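Take a look at the structure set out below.
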Amino acid sequence: MALRRISAQRILLRSKDVWPINPSAAQRPANWPGWPDGKRFAVVLSHDVENPVGLSKCRKLMELEQHLGFRSAFNFIPAGPYRVSDELRHELTRNGFEVGIHDHRHDGKLFRSERGFKRGAHEINRYLQEWGATGFRAGFMLRNLNWLHQLNVEYDCSTFDTDPFEFQPDGTGTIFPFWIPAPGSRSEREGEAKPGGTHPSVGKGYVELPYTLPQDSTLFLLLEENSPDIWLRKADWIASHGGMLLVNVHPDYIQFQKDSPNAKTYDYRHYVQLLEYLRERYAGEYWHALPRDVAAFVKKMPVPPSPHLPKRVCMVTHSFYETDNRITRYAESLAARGDHVDVFALRSTPGLPTRENINGVHLHRVQNRFGKAQRSKFAYFWPLAKYLFTSSYAITRHHMWNRYDVVHVHNMPDFLVFSAWYPKLTGAKLLLDIHDIVPEFYSNKFTSGRTGLTFTLLKWIERCSAQFADHVIISNHLWRDKFAARTGTTDRCSVFINNVDTQTFRPNLRTRKDGRVIILFPGGLQWHQGIDIALHAFVKVSQALPNAEFHIYGDGIMKPSLVALASQLGFNGNVRFFEPVRISQIASIMANADLGIVPKRADSFGNEAYSTKIMEFMSLGVPVVVSRTQIDQYYFNDRVVRFFESGNSDALAEAMITVLRDPKLRDHLTCNALAYSQENSW
């Protein structure tokens, strides 16, 4: 598959005859002062020496560059297939060249795990000190920029602006050097400058120098180009935008004048053409510098540039992405700021594709769930256990090809967090997002009580899952206190309630003018939601308001019994059940309702479960009648919603009739609710 992908890219690239260019990469950092001495752009030359053959060619390459008036950095492998002599290193530095570190053993294992990297970093730091080197470049361009803070370096060259042929092809998206601050430094995050112009992050980070021309091995060996034209065209583009031209050339692959030609080398004159082109076409316009000089230049800036680096984010959920408002808000917000977001979720119907791009989010439907009517404990548990393995395989496969920075796992279940074991092992940060606390939800769903072996086991799984995550997000404040206390995660627990998307749920979406009175419930059809209470209440409402209709949008284990109950109560078409719809569709449906209801039971899981639909109704200008639960009284009051006694169908009927018959009360509630929702939006 990898070979087919490379072949396809090679054909595409050769047909265009240009190197991939990201136009946004030309944008200068906001505080960019320009290059020294007013130069138009910078030229930086760098070499990775990979084997004994390359080592033997270093002097020839040095002499060639000296003859053309250039200097470069030679990066040597400290514990690889050769040993670089003190004599060669001293000769290079004596002649104005620089010596740097290239990887550790050059075996592709340095970044396999953070523990392994720490061991390698200890030895790399010893060589950095021994050689007097200040720069590093990883082998095969594998990297973890956070781990690199363990190296005693001034700069790193393990990234690129754009290069689809690398093992980690996600580029930095810039042709300028930038600062990577050390984690946890407040002054570096805020970009504060100390008096005198010295940036506080000096010594607490490093400068990243992305290569901006394709590597010689990619251009001449992989793509089999027979001229340096792509180099020259990209050089013109970089020069026109004032960026940094940094090229990585390997002496191992250069065929000098008296060398025997073979399939693993290219004519040295390609590199000579590049240097002569720069020297003649842009004479006096560029700053030719060693990598250490560029790093020193960036560090001296009052506020070194720190552009946003696009993140690779993975989200995992055992739900339908299209109808899960919490997850879509996260994913689309990240995608909108330029991050790459993969979501692994369920497929609800056979007609849906297994892969789809929705508003910039890459959705992967990795397991089918064409119904939701599990009644036994085994029927409920088995799809969850199966999904753990299904999602783990998918995440691992994608992460091996292109590593994630963050994996954001959404419960339920809690143990789904272990699907991200491999990304966590290789340095990705792991978030566990608690939509619902599982032990209480499970005991409510199967009426198993909050004592006994099952409840104890679920609390143990909850604790293990929380300890495995780097940080935990809880969907309301009541659950945060309970969850943190029994998992020991108080210091790494945050609350993020389901604040409404005011761009989707906004006033003035109403279009219906047909004289009907529509009462609406959109959400999961579980016992704790109290829809059966609402059906009993609607008997009185329909008698008082004959033109009233009760519309229910959702799915869940209680749906068959609720449909049967509606039939038993004798409703003749004025109670209607609908399948769940996408968030963009449900907003207009809710806006065309006259009243929203949230009839949760206070003596169950619903007492502490925050209901997003309340804020959605409020943002749409639709009055809402809400059960008097602990969680809803925590966030709302009688000025913004109409409360009723939980579990009391007569009280619910009275509240609905009162709100529907009293225009002043409706206006009072909707006006206050709109102001509240705007103050508490995303």
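The values are calculated or read from the model by the stated rules, or taken from the named source; none is laboratory data. Bear in mind the structure is a predicted one, so any value in this text is a computation, not a measurement. As a convention, Cβ positions derive from the backbone with ideal geometry for all residues, glycine included, and neighbour counts pool all protein chains shown. Just the protein is used for accessible areas: all its heavy atoms, side chains included, with ligands, DNA and RNA removed. Shrake-Rupley method; radii C 1.70, N 1.55, O 1.52, S 1.80 Å.
Values for this structure:
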{"read-out": "Shape call, the range 15-65: gyration tensor on alpha carbons, a/c limit 1.5", "value": "oblate"}
{"read-out": "Percentage, to the nearest whole number, of Cα pairs in the range 14-132 over 20 Å apart", "value": "59 percent"}
{"read-out": "Correct option for volume of the Cα convex hull per residue in Å³ [calculated from the coordinates] among (1) 202; (2) 155; (3) 188", "value": "(3)"}
{"read-out": "Label-point separation in nm, residue 355 to residue 679, each point 7 Å along Cα→Cβ", "value": "4.8 nm"}
{"read-out": "For residue 130, solvent-accessible area (1.4 Å; no DNA, RNA or ligand), Å²", "value": "110 Å²"}
{"read-out": "Heavy atoms of residue 264: accessible area, 1.4 Å probe, square angstrom to 10", "value": "150 Å²"}
{"read-out": "Listed residue (660, 284, 618) projecting farthest to the positive dipole end of the chain, Cβ model", "value": "660"}
{"read-out": "Length-normalised contact order for the range 233-325 - Cα pairs under 8 Å, 6+ apart - percent", "value": "11 percent"}
{"read-out": "Theoretical ellipticity at 222 nm over the chain - DSSP helices of four or more residues, -39500 (n - 2.57) apiece, nearest 500", "value": "-11500 deg cm²/dmol"}
{"read-out": "Prolate/oblate/rounded label for the range 255-330 (Cα gyration tensor, a/c 1.5)", "value": "oblate"}
{"read-out": "For the range 421-518, size of Cβ-based charge dipole, Lys and Arg +1, Asp and Glu -1, in debye", "value": "340 debye"}
{"read-out": "Accessible area (Å², 1.4 Å probe, nearest 10) - residue 362", "value": "60 Å²"}
{"read-out": "Of all DSSP beta bridges in the chain, antiparallel share, percent nearest 5", "value": "10 percent"}
{"read-out": "Dipole-positive endmost among 350, 174, 676 within the chain (Cβ charges, Cα centre)", "value": "350"}
{"read-out": "Equivalent ellipsoid dimensions for the range 281-440 as semi-axes, Å, which come from the Cα gyration tensor, largest first", "value": "41, 17, 14"}
{"read-out": "Residue (of 407, 566, 159) at the positive-pole extreme of the chain, dipole from beta-carbon charges", "value": "566"}
{"read-out": "Area projected by the alpha carbon convex hull of the range 617-668, averaged over all directions, nm²", "value": "3.5 nm²"}
{"read-out": "Cα-based helix-to-principal-axis angle, 269-281 vs the chain, degrees rounded to 10", "value": "90 degrees"}
{"read-out": "Where a label projected 7 Å from the Cα of residue 95 along Cα→Cβ would reach, residues of the range 259-284 with amide N under 19 Å", "value": "259, 268-276"}
{"read-out": "Contact order normalised by residue count of the range 609-682, Cα under 8 Å, 6+ apart, percent", "value": "36 percent"}
{"read-out": "Distance in nm between pseudo-label sites at residue 503 and residue 273 (7 Å out along the Cβ direction from Cα)", "value": "4.7 nm"}
{"read-out": "Placed amide H near residue 548: partners under 5 Å, 5+ positions off or other chain", "value": "517"}
{"read-out": "Contact order normalised by residue count of the chain, Cα under 8 Å, 6+ apart, percent", "value": "10 percent"}
{"read-out": "Size of electric dipole in the range 260-332: Cβ of Lys, Arg +1 and of Asp, Glu -1, about Cα centre, debye, nearest 20", "value": "300 debye"}
{"read-out": "Ranking by accessible area, most exposed first, for 260, 72 with a 1.4 Å probe", "value": "260, 72"}
{"read-out": "Shape call, the range 387-507: gyration tensor on alpha carbons, a/c limit 1.5", "value": "oblate"}
{"read-out": "Enclosed volume per residue, in Å³, of the convex hull spanned by Cα atoms of the range 467-526", "value": "154 Å³"}
{"read-out": "Efficiency of FRET between residue 27 and residue 60 - r from beta-carbon atoms, R0 45 angstrom, step 0.05", "value": "0.70"}
{"read-out": "Histogram of C-alpha separations across the range 351-441, 5 Å bin width, %", "value": "3, 12, 18, 24, 21, 13, 7, 2"}
{"read-out": "Size of electric dipole in the chain: Cβ of Lys, Arg +1 and of Asp, Glu -1, about Cα centre, debye, nearest 20", "value": "1180 debye"}
{"read-out": "Accessible surface ranking that places the most exposed of 389, 297, 483 first, with a 1.4 angstrom probe", "value": "389, 297, 483"}
{"read-out": "Exposure ranking of 603, 632, 293 by accessible area [1.4 Å probe, largest first]", "value": "603, 293, 632"}
{"read-out": "Folded to 0 to 90 degrees: helix 559-568 orientation relative to the chain principal axis, Cα", "value": "20 degrees"}
{"read-out": "0 to 90° range, to nearest 10: angle between helix 649-661 axis and the chain longest Cα axis", "value": "80 degrees"}
